[in-house]
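Inspection log for the structure reproduced underneath, given as structure tokens.
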Amino acid sequence: MPGGSTPTRRRILCTHCSLVLEVDEAAKSVSCRHCYKRVVTEALIVKNYVAVRKFHTANRMRITKKGIVYAAVKADDLEIDGVLEGDALAMRGIRLTKRARVKGNLRGRTLVVQPGASLVGDVRIGPDCVPETAALEE
Ligand SMILES: [Zn+2]
């Protein structure tokens with residue numbers, strides 16, 4: 001091994017089966033060793049139109065002001081500066097900027113809503129609302 005430095009590892013939850021995986025910080029995706037499905041692990045910045053059933057990453061996701069997402073979204077941290085139509089789950093925080101337009105149910109550890117944001121849907125926020133993350137703290 002050249003250099004002898006070990007790559008930075010981080011613990012994530014599989015976005016499919018919610019079991020714990022340890023991945024290279026630099027990995028863009030991994031195959032889950034529990035359910036064998038592909039797990040996206042790179043940070044996503046959405047600058048365009050996305051319409052899929054599921055839009056998941058075990059990392060940060062930012063929907064920019066030009067981003068329009070029609071999907072069920074799952075991320076570690078989710079920042080919405082554009083449009084989201086679909087339910088969203090964030091293992092950590094959700095942040096809606098003043099430009100955010102959201103129609104869907106939100107679930108996450110924390111929620112920040114800037115004045116001017118629009119949000120139509122049910123909201124479940126708090127550590128108890130994301131029981132999946134308990135496995136990461138063991
Ligand atoms: Zn899995």
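The values are calculated or read from the model by the stated rules, or taken from the named source; none is laboratory data. These figures come from a predicted structure and were not determined experimentally. FYI the Cβ positions are ideal-geometry reconstructions off the backbone, even for glycines, and counts take in every protein chain you see. Accessible surface areas use protein heavy atoms only, side chains included; no ligands, DNA or RNA. Shrake-Rupley method; radii C 1.70, N 1.55, O 1.52, S 1.80 Å.
Nearest 5 is fine: what % of DSSP beta bridges in the chain come out antiparallel, could you say?
Close to 20 percent.
What nm value, rounded to one decimal, do you get for the distance between R92 and D122 when each label is placed 7 Å out toward the C-beta?
2.7 nm
Heavy-atom accessible area of H34 with all protein chains present, probe 1.4 Å, nearest 10 Å²?
70 Å²
What is the sum of charges around K66, taking Lys and Arg as +1, Asp and Glu as -1, for the other residues whose C-beta is under 13 Å from the C-beta of K66? Provide the component values of the computation, followed by the final result.
On the way: positive: K47, R62, K65, R99, R101; negative: D81.
After counting each charged neighbour, the total is +4.
What's the ranking of 102-111, 17-26 by average number of surrounding C-beta atoms within 10 Å, highest first?
Working: 102-111: 19.0, 17-26: 13.6.
Descending packing order for the listed peptides: 102-111, 17-26.
Set the bar at 22 Å for Cα to Cα. Now go through K65/K103; K37/K103; K66/K98; K54/K98; K28/K65; K47/K98 and name every pair that lies beyond it.
Violating the 22 Å limit, Cα to Cα: K37/K103; K54/K98; K28/K65.
Tally Lys/Arg at +1 and Asp/Glu at -1 over every other residue whose Cβ is under 14 Å from the Cβ of G126; what's the total? Present the calculation step by step, with values, prior to reporting the outcome.
On the way: positive: R92, R107, R109, R124; negative: D122, D128, E132.
Taking every other residue near G126 into account, the sum is +1.
For the chain, what is the accessible area per residue in Å² when the probe is 1.4 Å?
Working: 7990 Å² over 138 residues.
Here the residues of the chain average 58 Å² of exposed surface.
Measure off, as a whole percent, the carbon and sulfur share of the 1.4 Å-probe accessible area of segment 11-127, all protein chains present. Present the calculation step by step, with values, prior to reporting the outcome.
Values: 3100 of 6230 Å².
Roughly 50 percent, rounded to a whole number.
Net charge near L111, counting Lys/Arg +1 and Asp/Glu -1 over other residues with Cβ under 13 Å of its Cβ?
On the way: positive: R92, R95, R107, R109, R124; negative: D77, E79, D122.
Net local charge, L111 excluded: +2.
If you average 1/r over every pair of different alpha-carbon atoms in the chain and take one over that average, what Kirkwood value in Å do you get? Spell out each step's value before the answer.
Working: mean 1/r = 0.0649 Å⁻¹.
After inverting the pairwise mean of 1/r, the radius is 15.4 Å.
Grab the Cα-Cα distance for Q114 and C35, subtract it from 0.36 nm times how many residues apart they are, and report the gain in nm with one decimal. Could the numbers behind the result be given before it?
Details: separation 79, 0.36 × 79 = 28.44 nm, distance 3.78 nm.
Taking 0.36 nm per residue and subtracting the Cα distance, the gain is 24.7 nm.
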